[in-house]
1. Quick check: net charge around A:ASP65, other residues with Cβ under 13 Å of its Cβ, Lys/Arg +1 and Asp/Glu -1?
2. Taking H as built 1.01 Å from N, whose amide H comes closer than 5 Å to the amide H of B:ILE25, not counting residues under 5 places away?
3. Given the rule -39500 (n - 2.57) for each run of at least 4 DSSP H residues, summed and divided by the residues of the protein assembly as shown, what is its mean residue ellipticity at 222 nm, to the nearest 500 deg cm²/dmol?
4. Cα to Cα, under 16 Å, and not fewer than 8 places away if on the same chain: which aspartates and glutamates meet these conditions relative to B:LYS16?
5. I'd like the Karplus ³J(HN,Hα) series for the stretch C:171-186: coefficients 6.51, -1.76, 1.60, θ = phi - 60°, whole numbers in Hz, and an x wherever there's a Gly or Pro.
6. Quick one: what are the phi-derived ³J(HN,Hα) couplings along the stretch A:47-59, Karplus 6.51/-1.76/1.60 with θ = phi - 60°, whole Hz, x for glycine and proline?
7. For B:LYS579 and B:ASP384, compute 0.36 nm times the residue count separating them, minus their Cα-Cα distance, and round to one decimal in nm.
8. FRET efficiency for A:GLU111 and C:LYS82, Cβ-Cβ distance as r, R0 = 22 Å, nearest 0.05?
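The values are calculated or read from the model by the stated rules, or taken from the named source; none is laboratory data. None of the values given here were measured: they were computed from a predicted structure. Here the Cβ positions follow ideal geometry from the backbone for every residue, glycine too, while neighbour counts run over all protein chains shown. Calculation scope for accessible area: heavy atoms of the full protein, side chains included, ligands and nucleic acids excluded. Shrake-Rupley method; radii C 1.70, N 1.55, O 1.52, S 1.80 Å.
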Amino acid sequence: MADTEDLSLSRRDLMAAGAASAAIAGAPATASAATPDAPHLAQVTFKVNGQKRSLTLDTRTTLLDALREHLRLTGTKKGCDHGQCGACTVIVDGRRINSCLSLAVMHEGDEITTIEGLGAPDKLHPLQAAFIKHDGYQCGYCTPGQICSAKAVLDEIKAGVPSHVTADLTDALKVTAEELRERMSGNICRCGAYSNIVEAIGEVAGGLSKGEMA
Amino acid sequence: MKFDTPATTNPIDQLKVVGKPTDRIDGPLKTTGMAPYAYERHDALENVAYGYVLGSAIAKGSIKATDVSRAKAAPGVLTVVTAQTAGKLGKGDFNTAKLLGGPDIQHYHQAVAVVVAETFEQARAAAALIKVDYERAKGTFDLASAKDGAPPAGKDNPDTAVGDFDKAFADAPVKLDETYLTPDHAHAMMEPHATIAAWKGDKLTVWTANQMVAWSRGDVAKTLGIPKDNVRLVSPYIGGGFGGKLFIRADVILAALGAKAAGRPVKIALQRPLMFNNTTHRPATIQRIRIGATQDGKITAIGHESWSGDLPGGGPETATQQTRLLYAGANRMMKMKLAVLDLPEGNAMRAPGEAPGLMALEVAIDELAEKLGVDPIELRVLNDTQVDPEKPGRPFSQRKLIECLRTGADKFGWAKRSARPGQVRAGRWLVGMGVAAAFRNNLVMKSAARVRLEKTGRIVVETDMTDIGTGSYTIIAQTAAEMMGVPLHQVTVKLGDSSFPVSAGSGGQWGANSSTAGVYAACVKLREAVATKLGLDPAIAEFSDGRVKLGNQSLPLAQAAADAPIVAEDAMEYGDLTKTHQQSTFGGHFVEVGVDAATCEIRIRRMLAVCAAGRILNPKAARSQVIGAMTMGAGAALMEELVVDKRIGFFVNHDLAGYEVPVHADIPHQEVIFLDETDPMSSPMKAKGVGELGICGVGAAVANAIYNATGVRVREYPVTLDKLLKDMPVVA
Amino acid sequence: MKAFTYERARTPAEAASAAAKDPTARFIAGGTNLLDLMKLEIETPRRLIDVNGLRLDKIEATKDGGLRIGALVRNTDLAADKRVRKDYGVLSRALLAGASGQLRNKATTAGNLLQRTRCPYFYDTNMPCNKRTPGAGCSAIGGFTRSHAVLGTSEACIATHPSDMAVAMRVLDASVETVKPDGVTRSIPIADFHRLPGNTPHVETALTPGELITAVTLPKPVGGMHAYHKVRDRASYAFALVSVATILHKDGSGRVALGGVAHKPWRVEAADSALPQGIKSVSELLLAGAKTTSQNAFKLTLAERALGAAMAQARS
């Protein structure tokens, strides 16, 4: 029985603990390997933009490819596939991650939010509207990642997560241009819309504070 | 329609829609992830197999043997295509190296095979099972050592000379003679080169990411040896290009070959670590600049020589281009030499020629100003010219360089700059300001469009023009709305399909002016057809508020299409105005940097660009083009370099961790000012381009600011801290 | 990427024992470096053991006043932990100087220590590399070496360790707690955890096959002024050219370690002792025996200057 009193225990822990009877809880396999190169398939169930999705996937499938190729949610982009650009940023259980560097099968039970979950052309999220207003995008390819990242950045600041440019680690955080620039630096925009992106995010945050750099 | 006399008043001048800072109309799709890029066409076709490209492990030589047996036997694999099995392939007009190598290998990571499998994971794993046995050949990889034997760049880029440079330089009382190095640069656009290819009989459709639909359609046909009419190329959304997607790359051809062999549609995206050596790049240059001047700063001699390298059959980086036109001076000499290098193919990247050329020239001007003891802006003003210095009878159509520099100086607080370097300190930072002129020629290209008035009164524009983030969708819609007298939301724009009329495409900053001029031409025809249909004189009918008006008559536009839609198609072509007048765009870049007094880390604090580039069709989109170019220029100044391993012959740092481009934290708030200008010599739109102007000169402005901050002059880009450290005094 | 089986482990000892039975097995936690390397077939595990369910994600006080950081504590959470921010500022700063927000949300404490080098020749499987194939040779030597090591290098390898966190851990005298496949636990001082390349650059840590990191323990706070100064070309999202972790006390004593210069975080006891004598003496001792190339010799000057900057920062 899971230790439900431990508040830091994640839901995945609970599921793993509950489901596992053997020493090593293997993900349910629907095919086994005949040759060393044969793919291993596994099932995974998670929620994407509020909707429960179950997939049987090659274990090698990244969360990014599961979204783009299997669920056909192509708003999340593949820019480098190596965690070097941020175009694949999605929000998992409230936190932004690079979906290219995460296996889909490792997201059992997770809640995933992609750009499609934030808003639609006829029902824009405030960040999406602000990006349009401030022209915070050009080719559009890094844009969904920038917006997902921006949403999480504002939540991180609210939650008091410090950054490299936070002058005093023990002070309350402010939304400054420097803070946004540092925190958004994992999202590369080769078109160079940075200046506009920061203005768009700043507007949604309710304006930028003056800050001093670390 | 032919444009061969200067534009007079026309419906665009109303500026009811054109010239407004309208939000870009592709915004809602792009910000919600709904705009489909090349690899994402789940809407267009089913049953798509996955291709994965294997790149050559050597830079030069040949393939002795390829063993694909294990790959072919791997789970899920449908086919493997190599040069041996591909059949005879041609080479596109715009490609230098072959897109599928073997048996000869021309450069590192040249594609040598593609594996097609049921899934991406299977294709990638199987590609690693291919065994290629190579025979290495000796290659030439070092520009510096190949430089001395390099021949002239060829008949397309002849040396030019006016007066007697050698004598004038020798006689000049003040001389500058310096050599500047710019490295190879990668486009590093965020969307990798990607294609889905599908055959229906002998007809091929490719959904791809490409800036130049017609060129590339032709090159697909030529490479595959099929009629052009059998190829359809679709490219409505492009995740950045910067010149890297002007031409077809291996993804297109290998997807087509793979699809043919597999009997299934195939999609391929070049994997990021392959892109840097597999595709094209901006070639490195070595530039020697000599300027002779009088004591009071008049240039009497100006010489610019540039060396670059490329594969056999390739072209030079035309880094001397701007020096022919930017400053006055009676005695002039420009030379370009082109060495043969066995590195990956060099080709166009944002403002080819001017971008690296100005990184050298505008530092040289800064150095000359210091020698003369004059302000660098005043030196530029003193040597301004309103005519082509090589052909004084040929005036510039517009040239507001001085106004750009003066306006910028005023807005930026240039007067506060210390002429003596190393004087300003703010905390740990040494602070300096730099300026550079921006210059880029205005090119015009024939461009066609089809416009249709629908029964509802909606205007539909179709052209094979592309939008690579530049705002083409929006400015084309603005043009059609202005011409037809309808609100912007009444216009639908369809782009990037070879079944549409051939446009100028996106390149050389010609896209905005040329493609909208093509739409203008088609709209003039549509106005004629509409007015005629309504029984009004097309020459004097007014189109506004969704109505066509003449005298006291006023009819709804839609009425003309009550029976059937009215379609008009035309192209804008150009006469001799580009020959009689030099058409260029100008600007001034202002940069303030901080250099850490201890570690020499360099951070940009402020950036301003002032641009004079004809009519600005959409100031919001145009401003974005300029700030984006400033950002890329900052990267070129501070960090971007494809590092050549001269032993092996490849770009070592071939991913986005190794090839650093600017991130958010590198870029401050950026200011852009557009001077009020219209250029009636360029087109009826009276517009020119800004997308490349913005990168021209930025790098030099950054380098000049670093010098002003530190007193250390670095002539080898990128200006990184290791190049400053040895000469930086230890400051407490 | 080679095909692999995927399983979720329940307890650390069981995970370790499962891994020991299969030489092709690897643990996966955040996966941010392992998957990157698997895509390039630099890592080719045929069995992945997901350790995320091992409940090693807490930061707890130790009996002697220190902190025990679970192996699975994410970099973001470690950097943001109030106790870490207050008492181990150098660690918080080092973490925040590394990678990006997205990566820090996934990357774990143990995984950060186990990062592999970012040497571009290691990353290109067409290039011989002694780390990938022992005895194959080193392509970096004689090639592009601007980012490479200047201290503790060998004829076989001049790679650096890319971690920022590990440099702070080194200056904090952390210990790495592990469990072996036989269930035996041990504590490895951080100084002994990473190895110099020598003739076996593929052996990067003191871990034995199947051995699993369960926690990293910090001794009780030493006070002082903390600073982490990371020098890089790009302002963020870049590996260090040189970094300095330092803790300074009012009396002039303190500790210092360098990142970006060696196959492991670089700390020299004698250099710590020399801190009261000033930067010159400290850097001479820290950088003694350096072996540079024309491309990375600047790191010596830079290290000395960065040391000065870090000390100024600590005092500010």
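1. Neighbour charge sum, excluding A:ASP65 itself: +3.
2. B:THR474
3. Values: 35 runs with 323 residues, N = 1262.
Only helices count here, giving -7500 deg cm²/dmol.
4. Within reach: B:GLU482, B:GLU542, B:ASP545.
5. In residue order, the calculated couplings are 6, 8, 6, 5, 10, 9, 8, 9, 10, 8, x, 7, x, 6, 9, 8 Hz.
6. Per-residue couplings from phi come out as 9, 10, 6, x, 9, 6, 10, 10, 9, 9, 10, 4, 4 Hz.
7. Extra length from B:LYS579 to B:ASP384 when fully extended: 68.1 nm.
8. It comes out at approximately 0.25.
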